[in-house]
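Colleague: There's a structure below that I have some questions on.
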Amino acid sequence: MSDKEAVVTESNENTERNSRKVRIGYVVSDKMEKTIIVELEDRVKHPLYGKIMRRTERVKAHDETNTAGVGDRVRIMETRPLSASKRYRLVEVLERAK
């Protein structure tokens, strides 16, 4: 019986959290309670012409303490779905808006 318990505890210790996407972007809206909208920029090369294009994506992130403001540069991390459209949470404010 002690062998089974040892196996169970060993498998629990080996389960680690998967790596989560960490992105850096700029806050474009903070009008909602505990939610910010962050604009993420991605530079991609056009497949045929080779020109570098800027693609932007707007995502909602959870800001528990309402610390981020419009124009701040922030780091956000992917997390479990917090609402119908929130999939990220605020990790830290890298640079305050001037």
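Since every read-out is calculated from the coordinates, none of them should be taken as a lab result. In this text, all values refer to a predicted model and were calculated from it rather than measured experimentally. Methodologically, a virtual Cβ is constructed for each residue, glycine included, from the backbone with ideal geometry; neighbour enumeration extends over all protein chains shown.
Colleague: With both bridge residues required to lie in region 20-95, what share of the DSSP beta bridges run antiparallel, to the nearest 5%?
Modeller: Working: 26 of 29 bridges.
Just about 90 percent of them are antiparallel.
Colleague: Among 15-23, 85-93, how do they line up by average Cβ neighbours within 10 Å per residue, starting with the highest?
Modeller: Values: 15-23: 8.8, 85-93: 16.4.
Top of the packing list down: 85-93, 15-23.
Colleague: Something else: At 222 nm, what value in deg cm²/dmol follows for the chain if DSSP H runs of at least 4 each add -39500 (n - 2.57) and the sum is divided by all its residues, to the nearest 500? Mind showing how you got there, number by number?
Modeller: On the way: 1 runs with 13 residues, N = 98.
The helix-only estimate for the chain comes to -4000 deg cm²/dmol at 222 nm.
Colleague: If one takes the longest principal axis of the Cα atoms in the chain, at what angle in degrees, from 0 to 90 and to the nearest 10, does the Cα axis of helix 2-14 lie?
Modeller: Roughly 10 degrees between the two axes.
Colleague: Continuing with this model, one more query. Which one of 76, 37, 52 has the biggest mean-square fluctuation once the chain is modelled by GNM with Cα springs under 10 Å?
Modeller: Result for the chain, Cα springs under 10 Å: 52 fluctuates most.
Colleague: Just list whichever of 34/60; 60/98; 45/86; 21/86; 31/86 have alpha carbons separated by over 20 Å in the model shown. Please list the in-between numbers first.
Modeller: On the way: 34/60 10 Å; 60/98 22 Å; 45/86 28 Å; 21/86 14 Å; 31/86 15 Å.
Result: 60/98; 45/86 exceed 20 Å.
Colleague: Another question, if that's okay. Using the scaling law 2.2 N^0.38 Å as the reference, what is the normalised Cα Rg of region 20-95?
Modeller: Working: Rg = 13.5 Å, N = 76, 2.2 N^0.38 = 11.4 Å.
In units of the globular-protein estimate, region 20-95 measures up at 1.19.
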